[in-house]
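What follows is a set of notes on a single structure, which appears directly below.
The values are calculated or read from the model by the stated rules, or taken from the named source; none is laboratory data. Remember, it's a predicted structure, so these values are computed and weren't measured experimentally. Here the Cβ positions follow ideal geometry from the backbone for every residue, glycine too, while neighbour counts run over all protein chains shown.
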Amino acid sequence: MSIFIVAEVGINHNGDMSVCKELIDVAVDSGCDAVKFQKRDLDKVYTQDFLDSPRESPWGTTQREQKSGLEFSEDEFKEIDQYCKGKHIEWFASSWDLNSQNFLKQFDCKYNKVASAMIVYEDLLKVIAKEGKHTFISTGMTTYDDIQKAVDIFNEEKCSFELMHTVSTYPMKDEDANLHMIDTLKEKFKCNVGYSGHEVGLAISNAAAALGITSLERHITLDRAMYGSDQSASVEPAGFKLLVGAVRKIERAMGDGVKRVYDAEAPIAENLRQHLNWK
C-alpha cells in the first residue's frame, strides 16, 4: 500500500487565496495525494478576553484580527473545493470545534482529520466518527490514555482511522522525533500509523517512511520566511518535490523481505566465483 502523502497548507496561506492556490499547485506538482486546511469558529475556540488581547499582525493589533485574518470564509472554501476538483487532488480539513465540523460537511470531503490539540475533545471525535470517513488522528501532546479513548470512539462507530505519530513543537528538535513510537503505536493500538512531522528538513520524514508508515503529513509553504507560526516547520516547493520523490523511492526499495538471487546477479556470481567449486 502506497504511503498517503498530505501537504498541510493549514494557515500558511495567510488568508490570501492566490497564495493558497499556489500551494495547492505545488502539492499537485509534487505528486501529493491530498492537501489539508484548518477550520475554526473563533468565538467557540477562544475566549473573548483572549480575542481582545493585543497582538501585532498584518491584519491589526488584536488576537481577533490576527486569527480572523487567517480564516477563510464559506465562499473561499467553496473556491478551494472547486480549485482542488479542477486539479484532481483531494482536500480536507481539521476542525477545532463542532460548528466547524458541521460547516465542512457541505463539501463531502473524502477524509477527516483530528488535530493533536483536539484529540481530547471527545464530543468532536464522536461527531467525526459518526460520519464514517477515514480519519487521520494526530497524537501530539497526548498520553496513552488520551489515545486509547480516541481509538475506542472510532472503533465503537466502526469508523476507519489511522493514528499519526506527532510531536507538537514548531519546529521540532531532531532528538525529540522518537520515531520508534511508530512501532509502539502500531503494536499498542493494533492500527495503521502515519507520521505528521514538524521538523526542519526531510531526513526524519524519509526515515519514518522506511519504518512502515501508511501516511505522511508535512506543512507546505512558499517561503519559510513568510509571516506565520507554522512557516519555520514547513517545507518549501523544491523540498516538497524532493520529499515525495524520496518517499516513493523508499517504498520501491523496501521490498518484501524474501531473500532471492536476482537474474542480474547470476552472471556476476559466475564471474566472481569462477575459481570456486561452489555450485
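Which count do you get for residues in region 102-131 that are outside any helix (DSSP H, G or I), of a type outside the set (D, E, K, R) and farther than 16 Å from CYS191 by Cβ?
Result for region 102-131: 4.
Against the definition (under 23 Å from THR166 (Cβ atoms), surrounded by 16 or more Cβ atoms within 10 Å (Cβ to Cβ) and touching a helix residue (DSSP H, G or I) at 6+ places or on another chain (Cβ under 7 Å)), how does LYS67 come out, yes or no?
Judged against the criteria, LYS67 is a match.
Kindly list the number of the only condition in (1) surrounded by fewer than 16 Cβ atoms within 10 Å (Cβ to Cβ); (2) in contact (Cβ under 8 Å) with a residue 60 or more places away in the chain; (3) not small (Gly, Ala, Ser) that fails for MET254.
Failing condition for MET254: (2).
Hey, can you tell me all the residues within region 182-219 that are of a type in the set (Lys, Arg) and under 19 Å from SER116 (Cα atoms)?
LYS186, LYS188, ARG218
Starting from residues that are in a loop (DSSP other than H, G, I, E, B) and either touching a Pro at 6+ places or on another chain (Cβ under 9 Å) or β-branched (Val, Ile, Thr) (or both), keep the ones in region 249-279 and report whichever is nearest to ALA207 (Cα to Cα).
In this case the residue turns out to be VAL258.
Would you pick out the residues in region 36-64 that are surrounded by 15 or more Cβ atoms within 10 Å (Cβ to Cβ) and free of Cβ contacts under 8 Å to residues at least 12 places away in the same chain?
Within region 36-64, ARG55, THR62 qualify.
So which of LYS110, LYS105 is closer than 27 Å to HIS13 by Cα, touching a His at 6+ places or on another chain (Cβ under 8 Å), modelled with pLDDT of 95 or more and of a type in the set (D, E, K, R)?
LYS110 is the lone residue from the list that is closer than 27 Å to HIS13 by Cα, touching a His at 6+ places or on another chain (Cβ under 8 Å), modelled with pLDDT of 95 or more and of a type in the set (D, E, K, R).
Please verify whether region 158-170 includes one or more residues that are modelled with pLDDT of 95 or more, of a type in the set (Asp, Glu) and farther than 24 Å from GLY10 by Cα.
Within region 158-170 (the criterion being modelled with pLDDT of 95 or more, of a type in the set (Asp, Glu) and farther than 24 Å from GLY10 by Cα), the answer is no, since none of the residues qualifies.
Could you please tell me which pairs satisfy a Cβ distance under 6 Å, a separation of 6+ or placement on different chains, a first residue in region 13-25 that is over 14 Å from ILE220 (Cβ atoms), and a second residue that is at pLDDT 95 or above and buried (at least 16 other Cβ atoms within 10 Å of the Cβ)?
Matching pairs, first to second residue: GLY15/GLY69; GLY15/LEU70.
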